[in-house]
Amino acid sequence: MKKNIGAKVRGFPTPIILVGTTDENGRHNFATLAWAGICCSEPPSIQISVRLSRHSHAAIIANKAFSVNIPSNKFVVETDFCGIASGRNLDKPATAGLKVEPGPVLGVPLAADFPVSYECRLTHTVHVGSHDLFVGEVVSCLVEESLLNEKDAVQASKMEPLIYMTEDAYYDLGPRLAPSFNVGKALMPGREQGA
Ligand SMILES: Cc1cc2nc3c(=O)[nH]c(=O)nc-3n(C[C@H](O)[C@H](O)[C@H](O)COP(=O)(O)O)c2cc1C
C-alpha cells in the first residue's frame, strides 16, 4: 500500500558530485550537487541541475564549461561543506583543503584528489523553474589509475563513491549485488528457470 505524499521528490537516491567552475574574477569554485547524471552516450554528456541563485550558475553561463568531480567517501566532510558555503564570499577549495588542477582540454578546475573527474563543454541550457538544467558534453574523463582494471573499467569497490538520500544523509555504495544486463536474463521467456 502506497501513500501519496504530494508533489515531492522524496525517496530518490542520487549520486553526489562537485561541480567545478571559474568565476568572472578567475576564482575557482566547487559546489555540491545531487541532481546530476549521465544523459547521453553519443556525444557522451552529463546533466546537472543548478539553482539560479548559485554562484556556480553564473560561472557556468559565463564560461560555457564546467567540471564534474566524484568524491570518494573519505571526502564526505569537504563534500558537505561545498554544499553549504558559497564561493561568492569564500575560497572553498582552499578552505576545504581541496587541491585544484586544470583540466587538460578546457582548463576547468578539477578536484585533484577525487577518484574521477570530467571536463564538460556546455551544450544545452534548459530553464525548468527554480533550477536550470545544464547539459555538458564530456571532453575528458580523468580516473585515478589505481581504480582501473586492464580494460580501463572503474572498480567500484576501490572508488568508494557516495550515494545521497534527499533531505537525509550520505551513504556508502554497499556490496556488489548482481551483474547488470545479465541477472535479469533469468526471467527471459523460454529460458529454463532454476538450476
Ligand atoms: C547534499 C547537497 C546536495 C545539493 N544539491 C544541489 C543541486 O543539485 N543543485 C543546486 O543548485 N544546489 C544543490 N545544493 C546546494 C549548493 O551546493 C549550495 O547552495 C552551495 O552553497 C552553492 O555554492 P555556490 O554558491 O558556490 O555555487 C546541494 C547541497 C547539498 C549539501
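Working from label points 7 Å from Cα in the Cα-to-Cβ sense, the Lys74 to Ala94 distance is 2.5 nm. Here each label is just a point 7 Å from Cα along the line to Cβ, and for Lys3 and Leu173 those points are 3.4 nm apart. Cβ crowding within 10 Å, taken as a proxy for footprinting-reagent exposure, orders Arg121, Arg10 from fewest neighbours to most as Arg10, Arg121. Here is the tail figure for segment 13-187: Cα pairs spaced more than 20 Å apart come to 53 percent of all pairs.
We did not get these values from a lab; they are worked out from the coordinates using the rules stated. Here the structure is a predicted model, which means the values were calculated and not measured. Please note: Cβ atoms are built from the backbone with ideal geometry, for glycine as well, and neighbour counts cover all protein chains shown.
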